[in-house]
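A.B. asks: Once you've had a glance at the structure underneath, I'll fire off some questions.
The values are calculated or read from the model by the stated rules, or taken from the named source; none is laboratory data. In this text, all values refer to a predicted model and were calculated from it rather than measured experimentally. Using ideal geometry, Cβ is built from the backbone for each residue, glycine included, and neighbour counts are taken over all protein chains shown.
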Amino acid sequence: MSRHCRFCHTPLTHTFADLGLSPLSNSYVRAERLNQGEMFYPLHAWVCPSCKLVQLEEFERAENIFNDEYAYFSSYSSSWLAHARQYSEAMTARFGLNAASQVVEIASNDGYLLQNFVAAGIPALGVEPTANTAAVAIGKGIPTWVKFFGVATAHELVTAGHAADLLLGNNVLAHVPDINDFVGGLKVALKQGGVITMEFPHLLNLIRHNQFDTIYHEHFSYLSLLAVERIFAHHGLTLFDVQELPTHGGSLRIFAQHANGPHATQPGLQAVRDKEAADGLDELDIYARFAAQVDETKRALLRFLIDAKEQGLRVRGRLRCAGQGQHPAELLRRAHRPDRLHRGRQPAQTGNLAAWHAYSGVRPGKTA
Ligand SMILES: [Zn+2]
């Protein structure tokens, strides 16, 4: 089977991390179905030798992942709500947003962010593919279109008079299978003089801190500034600022505008470019070293678990489950038989078991 880069169509031949087979991390198993089979898919990240975009193959349609049973409601995280409020205030001040402006958020979820603009009297519109989260937003008085975003939706927005002065997406760029249709849509939906901001986990931190547990099926791309700048430039969009954020293990917030737009380039952009260049993100070596490091970590953990088992020890761990789909490495799931069940705080988890809970035998949350 041939695989090609989702941005530049170069054949993918260089492994970034091969995590074997895994179930979808946000697919929940009902307790009564615990003894039935479950679908496992390859979890293999590649780096494009040409544009250096790190990516998974798309094997499950996004429509089947981000559907009505989609589990994640943004407003259930208080730290994320605070992050969204600070962002809204900062953008309003910096870009002079007011009652004549239009804010559009892609993947607006339950209105966790746009509620700040609505409260400030700034027109805001959400575009959100999952109907259950969108319904919560609409209930809060936040206009929301239940749609996937791309070039076609962007044209509909413009036709309906919603071309954006501020067009934003938090943790969505990494989740889109057709990144060209998505960024092409950003270009269409952005008003002349408008600003795009996107936040995504920074590949540099994934590599530096061995965060291979952030690789999961819903997360199609692992983004560096280098690759994102190439993709945006291809679609006629220019970056003019970058901020580094502590969220999701270290994220970037990029600021973009139409090529030759009015906003002056800020020093943050060059600072992150320099950081990535110093670590060699435009060379293939660093990606090959990471692939080897993941294999080493896997062998060391398996060795530890086998030794502990043979000594009659019980292993308990703490799982990060604050964000969408975050789960431990697939080997943890397979190293244990289920012996603990957990019900989470997210509504869709009630009565269901996250796939990784069922397999891990490791109880999420605080250790006793
Ligand atoms: Zn490529």
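A.B. asks: Which residues, taken from the stretch 184-198, are assigned to a helix (DSSP H, G or I) and crowded, with 21+ Cβ neighbours inside 10 Å?
C.D. replies: Passing the criteria: GLY185, LEU186, ALA189.
A.B. asks: Then there is this: Hey, can you tell me all the residues within the stretch 1-55 that are modelled with pLDDT of 90 or more, part of a loop (DSSP other than H, G, I, E, B) and hydrophobic (A, V, I, L, M, F, W, C)?
C.D. replies: CYS5, PHE7, CYS8, LEU12, CYS48, CYS51, LEU53
A.B. asks: Please identify the pairs in which a residue from the stretch 251-265 that is at negative phi and in the same structural domain as ARG230 (by TED's automatic domain parsing) has its Cβ atom under 7 Å from the Cβ atom of a residue that is at pLDDT 95 or above and in a loop (DSSP other than H, G, I, E, B), counting only partners at least 6 apart or on another chain.
C.D. replies: Qualifying pairs under 7 Å: GLN257/HIS263; HIS258/GLY236; ALA259/GLY236.
A.B. asks: Can you name the residue in the stretch 228-260 that is of a type in the set (A, V, I, L, M, F, W, C) and within 16 Å of the ligand (Cβ to nearest atom) and, of all such residues, is surrounded by the most Cβ atoms within 10 Å (Cβ to Cβ)?
C.D. replies: The residue in question is VAL228.
A.B. asks: So HIS248 fits all but one of (1) outside any helix (DSSP H, G or I); (2) of a type outside the set (A, V, I, L, M); (3) in contact with a Phe, Trp or Tyr (Cβ under 9 Å, 6 or more places away or on another chain); what number is the exception?
C.D. replies: Every listed condition holds for HIS248 apart from (1).
A.B. asks: Looking at the stretch 167-182, which of its residues are hydrophobic (A, V, I, L, M, F, W, C) and either under 14 Å from ALA107 (Cα atoms) or more than 20 Å from the chain's Cα centre (by Cα) (or both)?
C.D. replies: Selection gives LEU167, LEU168, VAL172, LEU173, ALA174, VAL176, PHE182.
A.B. asks: Sort out which residues of the stretch 82-130 are among the hydrophobic types (A, V, I, L, M, F, W, C), part of a strand (DSSP E or B) and in contact (Cβ under 8 Å) with a residue 24 or more places away in the chain, and write them in order of number.
C.D. replies: VAL103, VAL104, ILE106, LEU125, VAL127
Okay, residues lined up against (1) at pLDDT 95 or above; (2) assigned to a loop (DSSP other than H, G, I, E, B); (3) under 18 Å from HIS234 (Cβ atoms); (4) in the same structural domain as LYS147 (by TED's automatic domain parsing):
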| position | (1), (2), (3), (4) |
| --- | --- |
| HIS162 | yes, yes, no, yes |
| PRO177 | no, yes, yes, yes |
| PHE182 | yes, no, yes, yes |
| PHE200 | yes, no, yes, yes |
| LEU204 | yes, no, no, yes |
| ASN210 | no, yes, no, yes |
| GLU218 | no, yes, no, yes |
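A.B. asks: Same structure again: Pick out the one residue from THR367, THR297 that is at pLDDT below 90, on the phi < 0 side of the Ramachandran plot, loosely packed, with under 13 Cβ neighbours inside 10 Å and not basic (Lys, Arg).
C.D. replies: The match here is THR367.
A.B. asks: Something else now. Look at the stretch 56-67 and say how many of its residues are within 16 Å of the ligand (Cβ to nearest atom) and either basic (Lys, Arg) or at pLDDT 75 or above (or both).
C.D. replies: Total meeting the criteria: 2.
A.B. asks: Here's a check for you: in the stretch 217-227, which residue that is within 12 Å of the ligand (Cβ to nearest atom) and among the aliphatic types (A, V, I, L, M) is nearest to LEU21 (Cα to Cα)?
C.D. replies: ALA227
A.B. asks: Pick from THR238, THR265: which is of a type in the set (Val, Ile, Thr), assigned to a loop (DSSP other than H, G, I, E, B) and within 30 Å of GLY161 (Cα to Cα)?
C.D. replies: Just a single option satisfies the conditions, and that option is THR265.
A.B. asks: Examine the stretch 150-158 for a residue that is under 20 Å from THR92 (Cα atoms) and surrounded by fewer than 23 Cβ atoms within 10 Å (Cβ to Cβ), and state whether such a residue exists.
C.D. replies: Looking for residues that are under 20 Å from THR92 (Cα atoms) and surrounded by fewer than 23 Cβ atoms within 10 Å (Cβ to Cβ), one finds none in the stretch 150-158, hence no.
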